[in-house]
Amino acid sequence: MEKLKTPFVPNFLIGIAGGLQYKSFKRAAKQPRKRQEQTLREILDFAKDSVYGKEHHFAEILEAKDDTELYSRYQQNVKPNEYEDLRPLIERHKNGEPDVLFPGKPALYATTSGTTKEPKWIPITQRYLGDIYGKMNLAWLYTMIRNRRKVFAGKLVSIVGKVVEGYAPDGTVCGSISGFAQKKCPQWMKDLSPYPFSVYAIEDYTARYYTIMRFGIEHNTTLIITANPSTIVEMQNNVNEYFDQYVEDIENGTLNANLNIPDDIRESFKPFMKPNPERAAELRSLKAKYGIVLPKHYWPDFQLLTTWRCGNTKVYIDKFKDSFPSQYFHQEFSYYSTECRFGLVIDDTSNTVLCPHMHYYEFVPAEDISKPDNEKRFVQMHELEEGKRYVTYVTTFAGLYRYNMNDMVEVGPRYWNTPSIHLIQKVNGIVSMTGEKLHERQFIEAVGQVEKELNMSLKFFVGFADLDISAYRFYWEFADQETSQEKAELFTKHVDELLKEYNQEYKTKRDSLRVKEPVTHRLQFNSFETFKAQCIAEGLRDGQFKLNLLMQDEKRHEKFKKLVK
């Protein structure tokens with residue numbers, strides 16, 4: 001294995017550019033109330049001449065004398081938005097119309113799952129890419145150096161989405177913002193990758209994981225970047241299954257001919273491959289010594305892993321917590337979504353410190369979630385209370401105004417005067433084990449469609465996310481109680497296929513094996529009535545009884561497990 005080199009160039013460049021952005025972040029954190037007012041004014045000024053800005057009186061809002069009046073005017077003129085409220089305006093952008101949500105047109109779109117079967121197309125402006133996303137990335141890289149000085153001394157393995165997934169009607173590219181950012185990263189960072197960027201265009205996930213790890217294991221890798229910790233589990237599963245083939249490929253300078261990789265992509269790997277019998281011999285000796293070969297064996301100098309560590313991720317992290325060498329640092333990826341990167345994690349916690357100079361934030365206390373919008377209390381960032389839970393709303397330089405993230409967060413300690421937050425869970429009927437964001441509405445629609453397709457009627461149904469097996473468990477009470485397990489599993493298979501059509505994040509997680517095949521259960525006769533009676537017997541008032549049909553709720557799940565045939 002190659003010896004680590006002193007990362008002088010990366011540390012110098014990031015120390016200057018990233019250090020500058022980190023200092024800006026620190027200054028903003030000292031006076032968050034002032035910077036939030038400035039940020040909202042900048043966003044409104046940026047978009048005041050757009051269709052949305054004129055219709056919602058951005059110019060008049062900007063005439064406010066202080067921050068209190070500014071926020072009051074903003075709330076009076078702009079109602080809270082879900083994606084579906086903005087979809088018609090985004091469609092106008094997609095069809096080539098400029099100046100709708102913001103000046104000009106989007107530089108690109110990033111897609112993610114929505115509450116309906118139509119995906120969200122999140123517009124990304126050039127200003128957002130450069131002044132927000134780009135600068136936050138520099139500060140983020142700087143935090144890595146602060147945590148591990150040798151983080152860029154070896155190779156970098158990263159998992160990002162495809163740069164091009166499609167095009168809007170006007171020709172604007174639709175793809176992954178993380179993929180776009182990596183493609184645009186400086187040459188010194190591209191040189192740290194052990195494989196070409198084309199690896200992310202491999203559609204077959206087994207082949208993609210194989211290729212990434214075949215090249216990653218050949219080298220002295222010191223950094224892995226991937227949002228989902230479930231990806232680490234699947235990458236190691238690939239190692240366990242194909243380790244001997246990796247070694248053969250490394251020894252001969254080849255890439256498994258049986259992999260489902262298009263010829264043009266396969267051709268792009270040739271400059272990265274040459275026979276390496278010395279490394280192959282090292283890897284064979286590791287397997288002979290340990291049996292199951294883990295990252296701490298094949299990457300003994302590994303420095304830093306960055307993934308999500310909050311929300312539902314613990315179950316995946318527990319599966320590899322002892323797999324890496326003792327000196328490595330596991331850095332929280334931060335509270336981050338397609339719509340917005342909320343801030344930076346600066347220590348060994350899962351707390352994301354908000355960036356008051358990048359976005360404008362609002363929060364609704366958890367106890368107000370179920371209230372109508374006009375009755376919800378909206379609080380400002382400086383009003384957040386440590387230990388309390390809130391739902392997040394964001395206004396950005398990319399056309400999202402008072403946008404409901406449908407995320408419940410908990411407030412942590414302050415960095416200087418700025419609160420930190422960490423994700424607890426999705427809300428409002430959205431379930432997400434590993435980023436799939438499956439909506440109850442999608443589940444209900446899929447079940448209804450399959451009932452028609454297969455002519456199989458249900459009396460009741462419910463679904464639960466099971467984190468232990470990273471799969472959904474679907475419970476069906478068929479009108480025909482004689483329905484066989486085989487037919488019930490056919491019903492599940494059709495629902496699963498429709499959910500892949502309705503929700504691209506679900507499809508991606510299923511195809512990549514991060515969400516496993518759903519499990520089928522048949523329920524007893526009158527299962528819903530039995531469940532409700534149990535809840536009321538335990539003290540729940542009849543008028544308070546409410547049941548979502550897609551949940552992550554172990555207490556309720558245990559009750560349904562006892563109602564299975």
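Yes/no matrix, rows are residues, columns are (1) closer than 18 Å to Ile424 by Cβ; (2) free of Cβ contacts under 8 Å to residues at least 40 places away in the same chain; (3) not aromatic (Phe, Trp, Tyr):
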position: Ser323; (1), (2), (3): no, no, yes
position: His330; (1), (2), (3): no, yes, yes
position: Leu354; (1), (2), (3): yes, no, yes
position: Asp373; (1), (2), (3): no, no, yes
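Checking the structure you have, find out if any residue of segment 14-27 is modelled with pLDDT of 95 or more and not in a helix (DSSP H, G or I). No; the residues of segment 14-27 include none that is modelled with pLDDT of 95 or more and not in a helix (DSSP H, G or I). Please work out which residue is farthest from Ile317 (Cα to Cα), limiting yourself to segment 460-477 and to residues that are open to solvent by 10 Å² or more (accessible area, probe 1.4 Å) and touching a helix residue (DSSP H, G or I) at 6+ places or on another chain (Cβ under 8 Å). Only one residue tops the list, namely Phe460.
Are any of the residues in segment 118-126 open to solvent by 20 Å² or more (accessible area, probe 1.4 Å) and over 24 Å from the mean Cα position of the chain (by Cα)? No, segment 118-126 contains no residue that is open to solvent by 20 Å² or more (accessible area, probe 1.4 Å) and over 24 Å from the mean Cα position of the chain (by Cα). Taken over segment 114-156, the criterion of being in a strand (DSSP E or B) and not aromatic (Phe, Trp, Tyr) is satisfied by Lys120, Ile122, Pro123, Ile124, Lys155, Leu156. Just the residues that are within 24 Å of the chain's Cα centre (by Cα) and not β-branched (Val, Ile, Thr), please, taken from segment 446-473. Residues satisfying the conditions are Ala446, Gly463, Phe464, Ala465, Asp466, Leu467, Asp468, Ser470, Ala471, Tyr472, Arg473. What number of residues within segment 315-343 are farther than 26 Å from Tyr290 by Cα and over 15 Å from the mean Cα position of the chain (by Cα)? Number of matching residues: 1. Screening Thr349 with (1) more than 30 Å from Glu445 (Cβ to Cβ); (2) open to solvent by 40 Å² or more (accessible area, probe 1.4 Å); (3) outside any loop (DSSP other than H, G, I, E, B); (4) not charged (D, E, K, R) gives one miss only, at (3). Looking across segment 303-342, the residues that are open to solvent by 20 Å² or more (accessible area, probe 1.4 Å), at pLDDT below 90 and not in a loop (DSSP other than H, G, I, E, B) come down to Lys314, Val315.
Here Leu513, Leu498 are screened, and the one residue that is at positive phi and crowded, with 16+ Cβ neighbours inside 10 Å is Leu513. Filtered by the rule that a residue be in a loop (DSSP other than H, G, I, E, B) and either open to solvent by 90 Å² or more (accessible area, probe 1.4 Å) or in contact with a strand residue (DSSP E or B) (Cβ under 6 Å, 6 or more places away or on another chain) (or both), segment 258-279 gives Asn258, Asn260, Lys274.
Candidates Phe443, Phe397: the one that is in contact (Cβ under 8 Å) with a residue 24 or more places away in the chain, open to solvent by less than 10 Å² (accessible area, probe 1.4 Å) and farther than 23 Å from Ile43 by Cβ is Phe443. For Ser178, the conditions (1) polar (S, T, N, Q); (2) surrounded by fewer than 19 Cβ atoms within 10 Å (Cβ to Cβ); (3) at pLDDT below 90 are fulfilled apart from (2). The residues listed here are Phe12, Phe46, Phe25; of these, the one that is among the aromatic types (Phe, Trp, Tyr) and touching a Cys at 6+ places or on another chain (Cβ under 8 Å) is Phe25. Residue-level check: of (1) open to solvent by 30 Å² or more (accessible area, probe 1.4 Å); (2) free of Cβ contacts under 8 Å to residues at least 40 places away in the same chain, Gly104 misses just (1). Identify, from the list Pro88, Pro98, Pro80, the residue that is of a type outside the set (Asp, Glu), open to solvent by 60 Å² or more (accessible area, probe 1.4 Å) and either touching a Gly at 6+ places or on another chain (Cβ under 9 Å) or under 30 Å from Phe25 (Cβ atoms) (or both). Just a single option satisfies the conditions, and that option is Pro98. In segment 529-559, which residue that is part of a helix (DSSP H, G or I), of a type outside the set (Asp, Glu) and farther than 24 Å from Gln425 by Cα is modelled with the lowest pLDDT? Going through the qualifying residues, I end up with Gly543.
The values are calculated or read from the model by the stated rules, or taken from the named source; none is laboratory data. This is a predicted model, so every value here is computed, not measured. Cβ atoms come from the backbone with ideal geometry, glycine included; neighbour counts cover every protein chain shown. Areas reflect the complete protein model, heavy atoms only, side chains present, ligands, DNA and RNA absent. Shrake-Rupley method; radii C 1.70, N 1.55, O 1.52, S 1.80 Å.
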